Ligand SMILES: Nc1ncnc2c1ncn2[C@@H]1O[C@H](COP(=O)(O)OP(=O)(O)OP(=O)(O)O)[C@@H](O)[C@H]1O
Ligand SMILES: [Mg+2]
């Protein structure tokens, strides 16, 4: 039964080339944008190496302070983390790291801007970097404040080319020399925890002033035993922060342990640490996707409705020869689903192409967008929803046409 | 085969109400060949649509093959149409997007048949109207007479008991018209009941009897 209608649909679509082209164009373009967007979102939010444990990792990304005169948000200082984020119940491993920002490296008198992070040893075990050469640094390096540095592949290639050995060489960062102990694969900039060009132990800082700061450039990641531990980890951390005496001139200090998604929603909806906006962001993304899907759906509905008149004679004939309204609805809906699945397929192939181009363009540093199976299935699901949505209403209108009236029209 | 008793039908538009059929009593026997004649607008098409269950009467009773037509659901009416009736329209009404054989298969789509069975029956019907060589043409690639023969094949492919032909020769020249009428006569000789609307007395002569309508009423 279905096969019969699918064959019929393919025949009609093959004959109505212009209509088919317009429809496919709209659908595949929309799906293309959708797939590229989901690939991007997937890339930002879903666990990918090196953040292989993202599903059970909480991050402490910021702090908000309040006084009578005002309030502010920023990165955390080491002092808060040291006092509140160590040995939290339910946490298996804790890592602190700091975002130094961009530093200049020099090679043959040429300046190279590179991002620098200071980390501890746990950083390397919570995150699963793809180690290309040498090693990362360990607790001994950290404790003994050894001036060692891990660099990423691109930095290695820019500084030393592909051939010559780099391990044991030293580079000058901010006026001090660091020995290169390892090279890791590049990480895209959207993964703010793992992204960097250079990593050094933060214990190598010139002095220990950072240890007294409430606000600074630190973040922390907490690897929980499982997601089920999240609530008590959060509660304990927040309680500890609240119990800390606030810095001079401020009344309240607030910080929280967030998933990355929650952190992003905070960035979008406002910076107060005490409320979660994750629900809102999820809702907003869903709404946007829905509205976006609505455009081509409406377009297709419109195209289909405009074809009702054109197909009136066919509808009348089918009714006269025994098609019930149900038969016609099924026929037209299947036509639309076939159309949108085709559009989905084309959109999919296009997105593979486009994502490949984005990856190669260097437009987003170290981007590595892939159309993974999940994104593909989402795309296909959208395509079917599309097909049904844009098929049902016109089909219902078509099927309800009075056969007597539709047969009045002119001949073929 | 077809029984109409006191059947009336009117069309309401915003302002006016047209009484298209007024108290029609008509009996079409099984195996009969009936012609319906009358001036334009007298209700011939309306009558045919009622007989073919495409439309329902406002008043009176109608039965087809012994089955009273009342308040059946859309599905069961569609089923009856599918089994019992074959339509031939004045202006062919072939589906332009579909090939000749696909057009002929349309009535079979709404039955449970395999695609091979459908194809075989359609090919056989096309053979009967002498169009075996045009199976995969598109309607637009055929002459008017050939198109109407496709329409005849489509009307007979499901072996309905009743053929309802609304001016089947109206758009054809006399020679092609004769060919179509030959086909209808042949089907009638094989036992089919045929009701044909026509303007052409020459065509009507070939029927067993002629029903005349004037302004929605039956005249002698
Ligand atoms: N859908 C409709 N809405 C309103 N009036 C209609 C409708 N269909 C038919 N009529 C009216 O009903 C009357 C009978 O129409 P019908 O089509 O049965 O005539 P006919 O005898 O087939 O004419 P013709 O020989 O021109 O085909 C006409 O006056 C027509 O205007
Ligand atoms: Mg008429």
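A few points about this structure:
- Qualifying residue in the range B:172-195 (condition: within 12 Å of chain A (Cβ to nearest Cβ), within 16 Å of ligand 2 (Cβ to nearest atom) and assigned to a strand (DSSP E or B)): no
- In the set (1) within 16 Å of ligand 2 (Cβ to nearest atom); (2) at pLDDT below 95, the condition left unmet by residue B:58 is number (1).
- Any hit, the range B:27-38, residues being within 16 Å of ligand 1 (Cβ to nearest atom) and out of contact with any helix residue (DSSP H, G or I) (no Cβ under 9 Å at 6 or more places or on another chain): yes
- Residue, nearest to the chain's Cα centre (by Cα), within the range B:128-170, restricted to residues that are within 12 Å of another protein chain (Cβ to nearest Cβ), assigned to a loop (DSSP other than H, G, I, E, B) and more than 16 Å from ligand 2 (Cβ to nearest atom): B:160
- For the range A:155-170, the condition holds for at least one residue, the condition being that it is crowded, with 18+ Cβ neighbours inside 10 Å and within 29 Å of the chain's Cα centre (by Cα).
- Number of positions in the range B:35-50 that are more than 10 Å from ligand 2 (Cβ to nearest atom) and at positive phi: 0
- Condition met for residue B:109 (facing chain A (nearest Cβ under 8 Å), within 30 Å of residue B:177 (Cβ to Cβ) and out of contact with any helix residue (DSSP H, G or I) (no Cβ under 6 Å at 6 or more places or on another chain)): yes
- In this structure, residue B:92 qualifies as within 11 Å of chain A (Cβ to nearest Cβ), farther than 23 Å from residue B:2 by Cβ and in contact (Cβ under 8 Å) with a residue 60 or more places away in the chain.
Per-residue answers, yes or no, for (1) within 14 Å of another protein chain (Cβ to nearest Cβ); (2) in contact with a strand residue (DSSP E or B) (Cβ under 7 Å, 6 or more places away or on another chain); (3) surrounded by fewer than 16 Cβ atoms within 10 Å (Cβ to Cβ):
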{"site": "A:288", "(1), (2), (3)": "no, no, yes"}
{"site": "A:292", "(1), (2), (3)": "no, no, yes"}
{"site": "A:295", "(1), (2), (3)": "no, no, yes"}
{"site": "A:302", "(1), (2), (3)": "no, no, yes"}
{"site": "A:308", "(1), (2), (3)": "no, no, no"}
{"site": "A:313", "(1), (2), (3)": "yes, no, no"}
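- Number of the condition not met by residue A:56 [criteria: (1) at pLDDT below 85; (2) away from every other protein chain (no Cβ under 14 Å)]: (1)
- Considering the range B:89-121, the residues that are under 23 Å from residue B:74 (Cα atoms) and surrounded by fewer than 20 Cβ atoms within 10 Å (Cβ to Cβ) include one that is nearest to ligand 2 (Cβ to nearest atom), namely B:110.
For every residue, the table says whether it meets (1) closer than 24 Å to residue A:338 by Cα; (2) more than 14 Å from chain B (Cβ to nearest Cβ); (3) in contact with a helix residue (DSSP H, G or I) (Cβ under 8 Å, 6 or more places away or on another chain).
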| residue | (1), (2), (3) |
| --- | --- |
| A:12 | yes, no, yes |
| A:24 | yes, yes, yes |
| A:28 | yes, yes, yes |
| A:42 | no, yes, yes |
| A:49 | no, yes, no |
| A:79 | no, yes, yes |
| A:89 | no, yes, yes |
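- Residue-level analysis places residue A:372 among those that are surrounded by fewer than 21 Cβ atoms within 10 Å (Cβ to Cβ) and at pLDDT below 75.
- Hey, residue B:165 within 30 Å of residue B:59 (Cα to Cα) and either within 16 Å of ligand 1 (Cβ to nearest atom) or surrounded by 14 or more Cβ atoms within 10 Å (Cβ to Cβ) (or both) or not: yes
- Count - residues of the range B:73-87 that are touching a residue at least 24 places away in the same chain (Cβ under 8 Å) and more than 7 Å from chain A (Cβ to nearest Cβ): 6
- Hits in the range B:171-204 (condition: closer than 23 Å to residue B:24 by Cβ and over 14 Å from the mean Cα position of the chain (by Cα)): B:199, B:200, B:201, B:203, B:204
- Residue count for the range B:168-220 satisfying the condition of being within 16 Å of ligand 1 (Cβ to nearest atom), out of contact with any strand residue (DSSP E or B) (no Cβ under 7 Å at 6 or more places or on another chain) and closer than 12 Å to residue B:32 by Cα: 0.
- Residue B:125, sole failed condition from (1) more than 8 Å from chain A (Cβ to nearest Cβ); (2) in a loop (DSSP other than H, G, I, E, B): (2)
- Verdict on residue B:43 being within 14 Å of another protein chain (Cβ to nearest Cβ), in contact with a strand residue (DSSP E or B) (Cβ under 8 Å, 6 or more places away or on another chain) and within 12 Å of ligand 1 (Cβ to nearest atom): yes
- Restricting attention to the range B:182-198, the residues that are buried (at least 16 other Cβ atoms within 10 Å of the Cβ), out of contact with any helix residue (DSSP H, G or I) (no Cβ under 6 Å at 6 or more places or on another chain) and more than 11 Å from residue B:88 (Cβ to Cβ) add up to 3.
- Test: residue in the range A:369-382 that is closer than 26 Å to residue B:107 by Cα and in contact (Cβ under 8 Å) with a residue 12 or more places away in the chain: no
- Any hit, the range B:196-212, residues being within 14 Å of chain A (Cβ to nearest Cβ) and either away from ligand 2 (no atom under 16 Å from the Cβ) or not in a loop (DSSP other than H, G, I, E, B) (or both): yes
- Residue ID - nearest to the other protein chains (Cβ to nearest Cβ), chosen from residues in the range B:47-58 that are in contact (Cβ under 8 Å) with a residue 60 or more places away in the chain and within 10 Å of ligand 1 (Cβ to nearest atom): B:48
The values are calculated or read from the model by the stated rules, or taken from the named source; none is laboratory data. Nothing here was measured: the structure is a model prediction, and the numbers come from that model. So basically every Cβ, Gly included, is an ideal-geometry build from the backbone, and we count neighbours across all protein chains shown.
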